[in-house]
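The values are calculated or read from the model by the stated rules, or taken from the named source; none is laboratory data. Fair warning: this is a prediction, and the values are worked out from it, not measured in the lab. Note: ideal-geometry Cβ built from the backbone for every residue, glycine included; neighbour counts use all protein chains shown.
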Amino acid sequence: MFDFETLFNPTTATTTMTLGSSIITILIAIALGAIISFTYMKTSMAGYSQNFTLTMIILPTIVAIIILLIGSNIARAFSLAGAFSIIRFRSAPGDPKDIAYVLFTMAAGLACGVGAFGYAVLFTLILCALMFILSKTNFGARKSAQKLLKVTIPESLVYEEAFDEVFDKFGVAYELKKIRTTELGSLYELVYTVTLDQNTNQKEFLDSIRCRNGNLDLSLTMSPTATAE
C-alpha cells in the first residue's frame, strides 16, 4: 500500500539509487522547473530572456542529478565539488528577482535529489502562488518616480520662475539643482530633479516645457542616478 508520508521523507541518503527512482526524480525536477519558469514569464514586468527561462527548466534537473550522484558518499561529494570549482560562469549582474528564481530552482532540484518529492512540489506551488500574488498586486511599486530634467532657455527668460506654472499644472515636485551658461553665454541650461506621478502625461508635460523655452533642447533622464555634471 502506498504511504503518502514517504513523499515528504528524504530517502536518497539511505537507499541505493535505482533506474526507476532516478527517472522519477528527473521527471519531477523537469516538471517543477517548467512550473517555475512559467511563473517567471507570467510575473516578469520588464521582459525576460529565452535563455534564462530555459535555464530555469534545466537547473533543477542538474541539481537533482548531482545530489543523486553524491548520495551519502562524502568522498564523491568532495570530488564533484572539485570538478565544478573549475567551471566559471560569466554573465552580466542579474536582477535580484532573477537571482531569487535561480535559488528557487536550485532548492526545487535539491529537494528532488534527496527524494523529498512532496516537499519539492509543496514549496514550488506555494512560492509560485506567492509570486503571482505579488505580481498581480504590484507589490512594492512606487507611485512616483524621480527623474532628471535638463532644459535649455534663452538668456532673456528669467530662469528662477520660468517653469513654475508648468510644474504646478502637472503636479510635479521639483528642485533646481544646477545652472550653467552655454553658447558663449547666450543660453542657459537648467538642471532639475523632478518627481513625476505615474499618471502624469510625460509627453504633454514636455510639450509645455518646450512652449516655454522656445523649442530649445531639453531632456528627461529616466534614471535619477544620472546626476548633473
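Listed values, structure above:
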quantity	calculated
Residue match in segment 202-222 (condition: in a strand (DSSP E or B), at pLDDT below 90, in contact with a strand residue (DSSP E or B) (Cβ under 7 Å, 6 or more places away or on another chain) and closer than 15 Å to Tyr159 by Cβ)	yes
Residue among Ala129, Ala120 that alone is part of a helix (DSSP H, G or I), within 30 Å of Met56 (Cα to Cα) and in contact (Cβ under 8 Å) with a residue 24 or more places away in the chain	Ala120
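Yes/no per residue for (1) surrounded by 12 or more Cβ atoms within 10 Å (Cβ to Cβ); (2) among the β-branched types (Val, Ile, Thr); (3) under 28 Å from the mean Cα position of the chain (by Cα):
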position: Leu149; (1), (2), (3): yes, no, yes
position: Pro154; (1), (2), (3): yes, no, no
position: Tyr159; (1), (2), (3): yes, no, no
position: Gly171; (1), (2), (3): yes, no, no
position: Lys178; (1), (2), (3): yes, no, no
position: Thr181; (1), (2), (3): no, yes, no
position: Tyr192; (1), (2), (3): yes, no, no
position: Gln198; (1), (2), (3): no, no, yes
